[in-house]
Amino acid sequence: MAKHRIAIVFGSDSDWPTMEACLTQLRAFGEEPFIEVMSAHRNPERVTRGAEKAGFQVLIAAAGMSNALAGAVAAHTPLPVIGIPLDGSSLNGLDALLSTVQMPPGIPVATVSIGAPGAKNAALLAIQILARADEKLAQAYRKFKTDQAAAVAQKNRGVQDRLKK
Ligand code: RP5
């Protein structure tokens, strides 16, 4: 098995506080991703490297402002690309959202929500993709869903108890 099945790239070290949520969620499933800061605009030559040859199965690309990174990565690989729009400007991530999601037909980028929730969901989506060919990971994901549902039930019990008082 390849050392890293998932690669995460993001546009700047200033994105790290948000992207840490992605790493934390992947590690919760025992996945250790490859990580690199690269920019579609500032060092575009890094974006064209052979991700498939490196053994990755899923790529996650995040940037703030104009998130050209996710689309540029998708243009250079047959691998599935998950794009995270980051909140890095006075437009509160709307600019990154539109530039991530509005891909021309033929170059899909699976776009998640803006910022930390999206960073977490990108990790979960990557796990779901890998889990299709990894039963152990699929079981872990089923447990994650069950635990999450139990947590909601617990929250509901708490609210119901407060209503009785
Ligand atoms: C984007 O521009 C980065 O992803 C970051 O969100 C934003 C600002 O980058 P820095 O100026 O902090 O390097 O490319």
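Selection of segment 33-48 for residues being within 11 Å of the ligand (Cβ to nearest atom), under 17 Å from the mean Cα position of the chain (by Cα) and open to solvent by less than 60 Å² (accessible area, probe 1.4 Å) yields Met38, Ser39. For segment 103-126, which positions are part of a loop (DSSP other than H, G, I, E, B), out of contact with any Asp or Glu (no Cβ under 9 Å at 6 or more places or on another chain) and small (Gly, Ala, Ser)? Passing the criteria: Gly106, Ser113. Could you tell me whether Thr100 is polar (S, T, N, Q), part of a helix (DSSP H, G or I) and open to solvent by less than 20 Å² (accessible area, probe 1.4 Å)? Taking the combined requirement at face value, the residue satisfies it. Tell me, yes or no, whether segment 154-161 has at least one residue that is charged (D, E, K, R) and either closer than 21 Å to Asp15 by Cβ or not in a helix (DSSP H, G or I) (or both). No, segment 154-161 contains no residue that is charged (D, E, K, R) and either closer than 21 Å to Asp15 by Cβ or not in a helix (DSSP H, G or I) (or both). Among residues of segment 93-115 that are over 14 Å from Ile82 (Cα atoms), those with a Cβ under 7 angstrom from a residue that is assigned to a loop (DSSP other than H, G, I, E, B) and of a type in the set (A, V, I, L, M), sequence gap 6+ or separate chain, pair up as Gly93/Ile114; Asp95/Met65.
A single entry from Arg27, Arg5 fulfils the requirement of being open to solvent by less than 70 Å² (accessible area, probe 1.4 Å), basic (Lys, Arg) and more than 13 Å from the ligand (Cβ to nearest atom): Arg5. A count restricted to segment 49-87 and to residues that are surrounded by fewer than 19 Cβ atoms within 10 Å (Cβ to Cβ) and either within 16 Å of the ligand (Cβ to nearest atom) or under 14 Å from Phe10 (Cα atoms) (or both) stands at 1.
The values are calculated or read from the model by the stated rules, or taken from the named source; none is laboratory data. Since the structure is predicted, the reported quantities are computational estimates derived from the model, not experimental observations. A quick note on method: Cβ atoms are made from the backbone with ideal geometry, for glycine too, and the neighbour counts reach across all protein chains shown. For accessibility, only protein heavy atoms count, side chains too; no ligands or nucleic acids. Shrake-Rupley method; radii C 1.70, N 1.55, O 1.52, S 1.80 Å.
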